[in-house]
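Read-outs: derived from the displayed coordinates by stated rules, not from any lab. Because the structure is a prediction, the values reported are computed rather than measured. In this analysis, Cβ positions are derived from the backbone assuming ideal geometry, glycine residues included, and neighbour counts consider all displayed protein chains.
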């Protein structure tokens with residue numbers, strides 16, 4: 001299934017003309033809290049339910065989906081299409097493009113992006129496996145190989161198991177007091 005796209009500027013221009021725009025942001029609550037398009041509502045991809053989205057956004061208007069850079073948004077659009085909602089549009093370049101275009105955003109407390117958390121964790125695991133293989137037992141090289149295989153799988157499928165796990169970690173959750 002192909003996913004329709006729109007640029008951040010085109011979507012903002014539509015909003016300025018008074019057109020009703022439903023914009024959902026599928027990043028983690030912590031990422032959303034840090035910065036999001038002013039009109040966006042958060043529906044995190046790791047707990048994404050097309051039924052919940054459709055219940056809150058009934059009607060013929062298209063549902064626009066935004067994430068950090070476009071990849072998670074496309075995944076959410078595909079989930080919505082699989083649930084029967086064909087009127088979904090992914091925002092090209094995501095929140096990064098929205099912010100770079102100087103469009104209205106809401107800024108909150110800074111956080112480390114999920115993508116960066118994955119790189120830190122994968123790098124730490126690969127380094128640990130390499131050091132343990134040299135100093136303790138060669139079998140620890142398997143840890144580095146496992147991480148490498150996981151990164152290849154994530155690159156090929158555009159699905160990252162480590163990101164799904166990290167997204168559920170307490171530091172990536174937003175409490176009502178935040």
Helix axis angle, 141-157 relative to the chain longest principal axis, alpha carbon, degrees: 20
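Rounded to the nearest 5, what % of the DSSP beta bridges within the range 4-107 are antiparallel ones?
Around 20 percent antiparallel, to the nearest 5.
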Cα-only Debye scattering, the range 114-172: base-10 log of I(q)/I(0) at q = 0.18, 0.20, 0.27 Å⁻¹: -0.64, -0.75, -1.03
Alpha carbon convex hull of the range 91-144, projected area averaged over orientations, nm²: 5.7
The range 1-46 and the range 132-155: distance between their alpha carbon centers, rounded to Å: 38
The chain: angle of helix 114-135 to the longest principal axis, Cα-based, in degrees nearest 10: 10
Kirkwood Rh and Cα Rg combined as Rg/Rh, the chain: 1.05
Bridge type composition, the chain - antiparallel percent by DSSP, nearest 5: 20
Neighbour-count order for 96, 103, fewest beta carbons within 10 angstrom listed first: 96, 103
Ranking of 105, 91, 136 by count of other Cβ atoms within 10 Å, fewest first: 136, 105, 91
Values of log10 I(q)/I(0), in the order q = 0.24 Å⁻¹, for the range 4-107 under a Debye, Cα-only, solvent-free model: -1.40
Highest average packing first - 121-134, 73-86, Cβ atoms within 10 Å: 73-86, 121-134
Packing-based ranking, highest mean first, of 162-170, 40-48, 24-32 given that Cβ atoms within 10 Å are counted: 24-32, 40-48, 162-170
Value of relative contact order over the range 114-172, rounded to a whole percent, pairs C-alpha under 8 Å and six or more apart: 34
